[in-house]
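Remarks on the structure that follows.
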Amino acid sequence: MAISILGAGSWGSALAIAMSHIDSVLLWSKSQQQVEQINLTKSNMHYLPAEIYFGANVVATNNLADCFSSDLIIIATPINSLREIITMIKDQCNNSIPDLIWVCKGFETNSALLPSQIVKSILDNQNFGAMLGPSFAQEVALNLPTAVTLASSNSHLLQKWLDKLNSIPNFRVYANNDLIGAEVGAGVKNIIAIATGISDGMKFGLNARAAVITRSLTEINQLIISMGGNVDTILGLSGIGDLILTCTGDLSRNRSFGLQLAQGRQVKDILESLGHVVEGVNALPEVYRLSKKYNIQMIIVETLYKIIYENMPIQNLVDSLFKRQPKYEFN
């Protein structure tokens, strides 16, 4: 039995280290240079600290076909690469597609599709799911305690992999059959993390941060329900768990983006300096359009969209929460 991980960024590399505790791992990258560097140095210094190393049973490859004999493929590319990856898997595997788990979060640019909706539009089988939850890649790579959700509508997939994944040291995996709800929570929280980063960067205080996080739960849950998810999923690891981590943790790229935006830096310059995908920036226009499609009120999302894409003053983030018409909290 072997596990293949597609995508050798920070999260893919961290998962390769974690999964190597239970199996041999093939780590795929498009870049031949990156493959050679990983195999030579047993590190991925562009994405993880230099003192973090891969185990001897982790091998990098740039030949995607090498991965198709694995029992499990974990897709760790950004969501906007998911369609291409799934299409290649379908074209090359024919009817013998391994079990698939993806860890990408967000909504596909222009289509506003969730990862599961992209996969379902391409594949006939249902042997897939998403592993989501409060998990910074660096901490997973360092083998620090982490708990995540494995979400799938396929109970066989959950039963097959739950015990196996839970044998990874300090890595706890819970099953969840609400794939849509888990993906919505994991995707929207990146947007809210930008908002809390702005709030903190503007020195609005801890009270304001708590208000943004708490009020965002209503917005996220409205979208979960509108898209067919379960009302309770927001209370889980892929909901409030991931939200709290991303909004408060110093390793959060989305929070860092918001902090720098509050300092007056331009969006383009921030993205270039971070050097990694900031999922919340890409997801924001899609979630904003979804809120209009489903006719739901997502004030934080709408305000942030206008700040980033329509040059609204940042002060309006607080105004949107504190200067609105009074209402009942849960209406």
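Kindly check whether there is at least one residue in segment 143-157 that is part of a loop (DSSP other than H, G, I, E, B) and over 27 Å from V278 (Cα atoms).
Step one: of segment 143-157, the residues part of a loop (DSSP other than H, G, I, E, B) are 143-145, 152-154.
Still in the list and also over 27 Å from V278 (Cα atoms): 153-154.
Among the residues of segment 143-157, at least one is part of a loop (DSSP other than H, G, I, E, B) and over 27 Å from V278 (Cα atoms), which makes the answer yes.
Do any residues in segment 93-116 that are farther than 19 Å from I73 by Cβ have Cβ atoms under 7 Å from those of residues that are open to solvent by 10 Å² or more (accessible area, probe 1.4 Å) and assigned to a loop (DSSP other than H, G, I, E, B), where the two are at least six apart or on different chains, and which pairs are they?
F107/L113
Go through segment 58-89 and count every residue that is under 30 Å from S226 (Cα atoms), touching a residue at least 12 places away in the same chain (Cβ under 8 Å) and open to solvent by 10 Å² or more (accessible area, probe 1.4 Å).
8
For segment 84-132, which residues satisfy the criterion of being among the aliphatic types (A, V, I, L, M), assigned to a helix (DSSP H, G or I) and under 18 Å from the mean Cα position of the chain (by Cα)?
Filtering segment 84-132 for residues among the aliphatic types (A, V, I, L, M) gives 85-86, 88-89, 97, 100-101, 103, 112-114, 118-119, 122-123, 130-132.
Still in the list and also assigned to a helix (DSSP H, G or I): 85-86, 88-89, 118-119, 122.
Across segment 84-132, the qualifying residues are I85, I86, I118, V119.
Residue-wise test of (1) in contact with an Asp or Glu (Cβ under 6 Å, 6 or more places away or on another chain); (2) open to solvent by 70 Å² or more (accessible area, probe 1.4 Å).
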position	(1), (2)
A112	yes, no
L123	no, no
N127	yes, no
G133	yes, no
A137	no, no
A141	no, no
L144	no, yes
T149	no, no
Q159	no, yes
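Could you grab the pairs with beta carbons closer than 6 Å, sequence gap of 6+ or different chains, first residue in segment 135-154 and within 13 Å of G241 (Cβ to Cβ), second one at pLDDT below 95?
Short answer, once both residue conditions are applied: F136/L251.
If I270 satisfies every condition in (1) open to solvent by 50 Å² or more (accessible area, probe 1.4 Å); (2) modelled with pLDDT under 95; (3) closer than 24 Å to W11 by Cβ but one, which is the exception?
Single failed check for I270: (1).
Pick from I270, I240: which is free of Cβ contacts under 8 Å to residues at least 60 places away in the same chain and more than 21 Å from Y305 (Cα to Cα)? Please lay out each step first, then the result.
Values: I270 fails: more than 21 Å from Y305 (Cα to Cα).
Residue meeting the stated conditions: I240.
So which residues in segment 290-311 are free of Cβ contacts under 8 Å to residues at least 12 places away in the same chain and within 16 Å of Q260 (Cα to Cα)?
Listed by number, the list holds a single entry, N311.
Does V287 fit the bill of being assigned to a helix (DSSP H, G or I), over 18 Å from the mean Cα position of the chain (by Cα) and in contact (Cβ under 8 Å) with a residue 40 or more places away in the chain?
On the way: assigned to a helix (DSSP H, G or I): yes; over 18 Å from the mean Cα position of the chain (by Cα): no; in contact (Cβ under 8 Å) with a residue 40 or more places away in the chain: yes.
Considered against the rule, which asks whether it is assigned to a helix (DSSP H, G or I), over 18 Å from the mean Cα position of the chain (by Cα) and in contact (Cβ under 8 Å) with a residue 40 or more places away in the chain, V287 comes out as no.
I'd like to verify a number: residues in segment 245-260 that are crowded, with 23+ Cβ neighbours inside 10 Å and of a type outside the set (K, R), how many?
6
For the structure I just gave you, tell me whether D250 is over 18 Å from R215 (Cα atoms), of a type in the set (D, E) and outside any helix (DSSP H, G or I). Break it down stepwise before answering.
Numbers: over 18 Å from R215 (Cα atoms): yes; of a type in the set (D, E): yes; outside any helix (DSSP H, G or I): yes.
Criteria met by D250.
Taking the criterion of being open to solvent by 10 Å² or more (accessible area, probe 1.4 Å) and part of a strand (DSSP E or B), would at least one residue in segment 175-192 satisfy it?
Within segment 175-192, one or more residues are open to solvent by 10 Å² or more (accessible area, probe 1.4 Å) and part of a strand (DSSP E or B).
Of everything in segment 290-331, what is open to solvent by 60 Å² or more (accessible area, probe 1.4 Å), at pLDDT below 90 and either under 17 Å from N254 (Cα atoms) or part of a helix (DSSP H, G or I) (or both)? Give them in sequence order.
Going through segment 290-331, the residues open to solvent by 60 Å² or more (accessible area, probe 1.4 Å) turn out to be 292-295, 297, 309-311, 313, 315, 322-331.
With the extra rule that they be at pLDDT below 90, the set shrinks to 311, 313, 315, 322-331.
F322, the sole residue that qualifies.
Being open to solvent by less than 50 Å² (accessible area, probe 1.4 Å), part of a loop (DSSP other than H, G, I, E, B) and under 30 Å from S96 (Cα atoms) is the filter here; which residues of segment 35-57 pass it?
F54, G55
The values are calculated or read from the model by the stated rules, or taken from the named source; none is laboratory data. Because the structure is predicted, anything quoted here is derived from the model rather than measured. As a convention, Cβ positions derive from the backbone with ideal geometry for all residues, glycine included, and neighbour counts pool all protein chains shown. Ligands, DNA and RNA are excluded from the accessible area calculation, which covers all protein heavy atoms including side chains. Shrake-Rupley method; radii C 1.70, N 1.55, O 1.52, S 1.80 Å.
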